[in-house]
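The values are calculated or read from the model by the stated rules, or taken from the named source; none is laboratory data. Everything quoted here is computed from the prediction, not taken from an experiment. Cβ sites come from the backbone with ideal geometry, for glycine too, and all protein chains shown count toward neighbours.
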Amino acid sequence: MKKKRFVIIIIFIAVLTASAVAYKKFAGMAAKEPFFTTETLKKRDIVSSVQATGVVRAKTGAEVKVGARISGRVERLYANIGDVVKRGQLIAGLEQEDLRAKVNEAKMNLRIVEANLDLARKNLQRMQNLFAKDFVSRDKVDLAERDLRAAQAQADQIRENIRFNETQMSYASIHAPIAGVIASVATQQGETVSASSLNVPTFVTIVDLNRLEVYAYVDETDIGKIQPGLEATFSVDSFPEKDFRGKVTAIYPKATLQDNVVYYITIISIENPEGKLKPDMTVNATIYLNKRENVLAVPNKAIKREGGKKVITVLEDGRTIQKEIRTGWKDGNYTEVIEGLKEGEVVITGETVKTEKE
């Protein structure tokens, strides 16, 4: 009786062990059972595009370095970084006392010379009258005419000297040549600056943020597709959530080399009404070449290549079926399907492994 009970216990343990092994085996198989991510095919717009990196630059004449044309001490500085200035606005002033003194001195000299000029005119008139009555010789008249011309030349010279000194004095007041934003200030109040024909000290740099453009570096393999007039969008790291718009305006004919790759600079005109864009910001640009509207499109990640052919795996009645397709245009996410699929089919875009929790 005891022996029979022992045999039953042994059999029971063996059955439990076998059940546990079978459970682990089938559970492992179930855990490895694949499942798919899918997408239902539908018609959409396909936009062919070219990607490029670049930088925001100021247009020619939109960034101006304002300096002093004369030497002197900076008496007043009205500009600070970030200030918005209008064209013609006063941004700095140099000391003017010595310049004003030169102007005043020249004006006093002019009064003396003008008095001499008036006397020379009267003397000439007198000599001419006396010569007409044969009281003086012709030499006296010629001498009076020479004195008058000399006095006239001296007066003209002093007038030009006054004009020069007044112009020099006007240079002491430095005005903004364009409207824009103060981008940098290179001097300070009280500092003495020295100007020469070879050295013009820069006071401030002004940038017109409404006159910016993008220098996009397009790979040589894509440059043949680019032409002026194409639409473009771009983003900058400072405002990743915003897409800015622009248009291709020019392509530099000369290539530039970066990391042994040939690029061509493509100019994209932009608008900056909010003033968010700044020079030297890094740009990620998309230049749109053409657009195909309302075409059947499949996700790029669903397309595989086998034996030189493009194939798609579709899901039908729980079964996977592989189909060969012929494609057309392609953008960053989708590819046009010309042949091999129809609208409404479910394509497999990815595969993963189902876990026990799933």
Members of the stretch 145-173 found to be of a type in the set (Asp, Glu) and either in contact with a Leu (Cβ under 7 Å, 6 or more places away or on another chain) or loosely packed, with under 15 Cβ neighbours inside 10 Å (or both), listed by number
GLU145, ASP156, GLU160
Among the residues of the stretch 156-180, the number that are of a type in the set (Val, Ile, Thr) and either in a strand (DSSP E or B) or in contact with a helix residue (DSSP H, G or I) (Cβ under 7 Å, 6 or more places away or on another chain) (or both) is 3
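This table checks each residue for (1) under 40 Å from the mean Cα position of the chain (by Cα); (2) assigned to a strand (DSSP E or B).
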{"site": "LYS276", "(1), (2)": "yes, no"}
{"site": "GLU293", "(1), (2)": "yes, yes"}
{"site": "THR327", "(1), (2)": "yes, yes"}
{"site": "GLU343", "(1), (2)": "no, no"}
Can you confirm whether the stretch 87-104 contains a residue that is of a type outside the set (S, T, N, Q), in a loop (DSSP other than H, G, I, E, B), more than 18 Å from ASN165 (Cβ to Cβ) and out of contact with any helix residue (DSSP H, G or I) (no Cβ under 9 Å at 6 or more places or on another chain)?
yes
Could you pull out the residue among LEU124, LEU110, LEU77, LEU119 that is under 29 Å from ILE162 (Cα atoms), surrounded by fewer than 15 Cβ atoms within 10 Å (Cβ to Cβ) and not charged (D, E, K, R)?
LEU119
Please work out which one of (1) under 30 Å from SER184 (Cβ atoms); (2) touching a residue at least 40 places away in the same chain (Cβ under 8 Å); (3) surrounded by 13 or more Cβ atoms within 10 Å (Cβ to Cβ) is the condition LEU289 fails and give its number.
(1)
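Which one is farthest from the chain's Cα centre (by Cα), of the residues in the stretch 186-218 that are outside any loop (DSSP other than H, G, I, E, B) and polar (S, T, N, Q)? Lay out the reasoning, then the answer.
Residues of the stretch 186-218 outside any loop (DSSP other than H, G, I, E, B): 192-193, 202-207, 212-218.
Subset that is polar (S, T, N, Q): 192, 202, 205.
Values: THR192: 34, THR202: 23, THR205: 16 Å.
Ranking the qualifying residues of the stretch 186-218, first place goes to THR192.
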Would you mind finding the one in ALA144, ALA153, ALA183 that is more than 16 Å from LEU94 (Cβ to Cβ), modelled with pLDDT of 95 or more and either in a helix (DSSP H, G or I) or not basic (Lys, Arg) (or both)?
ALA153
Go through the stretch 232-247 and count every residue that is closer than 16 Å to VAL55 by Cβ, surrounded by 15 or more Cβ atoms within 10 Å (Cβ to Cβ) and free of Cβ contacts under 8 Å to residues at least 40 places away in the same chain.
2
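Checking the structure you have, find out if any residue of the stretch 71-85 is assigned to a loop (DSSP other than H, G, I, E, B), under 60 Å from the mean Cα position of the chain (by Cα) and free of Cβ contacts under 8 Å to residues at least 40 places away in the same chain.
Yes, the stretch 71-85 contains a residue that is assigned to a loop (DSSP other than H, G, I, E, B), under 60 Å from the mean Cα position of the chain (by Cα) and free of Cβ contacts under 8 Å to residues at least 40 places away in the same chain.
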Anything in the stretch 278-291 that is more than 20 Å from VAL47 (Cβ to Cβ) and either touching a Cys at 6+ places or on another chain (Cβ under 8 Å) or part of a strand (DSSP E or B) (or both)? List them, or say none.
THR282
